[in-house]
1. Using packing as a proxy for protection, rank 9-18, 404-413 so that the peptide with the highest average count of other Cβ atoms within 10 Å comes first.
2. Starting from the Cα of residue 209, step 7 Å toward the Cβ, then list every residue of region 139-155 with an amide N under 17 Å from that point.
3. Pairs of alpha-carbon atoms within less than 8 angstrom and 6+ residues apart define the contacts here; what relative contact order does region 155-206 have, in percent?
4. Taking the number of other C-beta atoms within 10 Å as the exposure measure, put 84, 496, 378 in order starting with the fewest.
5. Fully extended, how many nm does the chain gain between residue 539 and residue 200 (0.36 nm per residue separation, minus their Cα-Cα distance)?
6. Set the Förster radius R0 to 30 Å, insert the Cβ-Cβ distance between residue 351 and residue 64 as r into 1/(1 + (r/R0)^6), and round the FRET efficiency to 0.05.
7. Using only Cα atoms, tell me the angle between helix 176-189 and the longest principal axis of the chain; keep it within 0 to 90° and round to the nearest 10.
8. PRE reach from residue 456 (point 7 Å along Cα→Cβ): which of region 571-591 fall under 19 Å by backbone N?
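Just so you know, all these numbers are worked out from the coordinates, no wet-lab data involved. Quick caveat, the model's predicted, so the values are computed rather than measured. Because the Cβ atoms are built from the backbone with ideal geometry, glycine has one as well, and the counts that use them run over all protein chains shown.
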Ligand SMILES: Nc1nc2c(ncn2[C@@H]2O[C@H](COP(=O)(O)OP(=O)(O)OP(=O)(O)O)[C@@H](O)[C@H]2O)c(=O)[nH]1
Ligand SMILES: [Mg+2]
């Protein structure tokens, strides 16, 4: 039996959840089609989702088509919940990108498609809502080819467009224009197919239709071609053709169930008693109940400044015993003795397992990287009842388990808790979740923009063991220099790998990543290369009685404590510049409001490019600081008598003009050596003190 792990992705309200419901119904998993508007769908199961009529969390359901088990992951379309989409990308065999036949291609659709294509994930496009008035499949198809993917192949035409009776009419082998057009397109992307075609043309014959379809499937699997289906999730039109397309055109996997164990955790749920359930997609091997399973995080590879990439998270391999397994089958997850390669299973019993963790053989783990922009806003969460402070921290900690990008931070000095956010809707969801699930009422301090720091020059520093004022039993030298935008933090070894125990090198790397979360002005330092230029340690020493003597032997702690001092010295020499996040916007406004809009845009520091007239409206694209997007959103209805439409998505960082904002530090500040050493001493407390005494004693001997 093969499995197809399928993501459904789209902009908000495109109809993903409704389509999921239809697919389940068509496959016979449910007897009645649930509705988003009544709050009765299978995948919008959270109270908050039903109340708001939007998807907030990704949800998995499954159904069978022939001999293929389809595990379908319904994702949220609102840009505030892009992190949910991010987490499922690495477990997909294919995706259906839904586009509304009325609203068409939107900014979010482009963000998603760009990422799917970059990752080489096979994509079918489903143009939904053909039953709605205003549906325009020609315009949507043109926009798909123009703005999403040139190699989009319409698989049919539509009859009765824009009416309740609208239905797609699939093209067949009997449509010579379709077959020839398809063959042309496929020949552009594959030399073997082109050669075959030319060869046959010489003999005045055509490539057989089966061969064309097989080539379409092959190019779809390679992410080169994108078949486009049409239909309606409400009437069910076109859902049959899409279902058939899933198994014909997307590559289902079997996987090697006998191979070494390897899988990825893409979702965590907590049960009523607080027990964790991990959703794992298995790539290889089989996990059985009562297996002892290794799991952990892979550091690096990501966009820096994105938490979860962070330091404390790095590749410590943990182990736990699997106490229960369920496997997705016929709709829901069913208890099972094992989950084999290819499948999605729920694993219970693994304490401390987190989103993004890999399971199985650490040799097979690879870093994933981040595909979308990190959150650009942050806010301080304040409990209405002062007594709730402790429970608020615990509650937010649990939310962060399911959504690491909120990057919970406790400011020890001010005793404040802050989180990172994508937008106002996510903020409301956090507030409602805290109230509903934890009984904690909160308010938020003003939302502020998360800036980043980019390294300007090159800086080096070194601290040598037992030299000068270095109180730690470690030698560390580091060089920091800029890397291109999007490169993340790259840690390199300029010393021999064998020059030090690996644990010490690892401690330096982890601490470098941790330290860079707060640069010279308190913002995360992104896009740089850090090279370890010097290393040194004192080997494990024992006294006559073979007792490990901490005072004379380097420990990982020495490296962890020394690294921030060296790195911040290097960073100070390199210098940093504070950057702010910028969005790309697209405004669609009535022509008569255009004049009044321009000065407002200027006031928001938006930089529009030349406007394009479109019918009796203007389309205006450009950049705007992320910090001002919400204001623009709020002003738009008044400025455009309710007819303006705004799309925006993060695009890049730009240097801040004028005085750069600082973010208050929340850690032990390695910028001030004296304070830092005092704090380290306090932190390690008695342990350090006694080690110091022992050290002093051994030196005086
Ligand atoms: N007329 C019509 N309405 C549709 C169709 N598909 C979905 N809708 C409606 O569009 C709205 C949004 O549908 P959802 O299925 O929640 O869309 P979604 O893509 O899951 O939305 P998010 O998960 O919040 O991003 C609901 O009111 C649906 O009833 C369709 O094919 N035709
Ligand atoms: Mg939905």
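1. 9-18, 404-413
2. The answer is 154-155, whose backbone nitrogens lie closer than 17 Å to the label point.
3. Values: 33 pairs, mean separation 9.4, N = 52.
18 percent.
4. Placing the least packed residue first, the sequence is 496, 378, 84.
5. Separation in residues times 0.36 nm, less the Cα-Cα distance, equals 114.7 nm.
6. 0.35
7. Value to nearest ten degrees: 20.
8. The answer is 571-581, whose backbone nitrogens lie closer than 19 Å to the label point.
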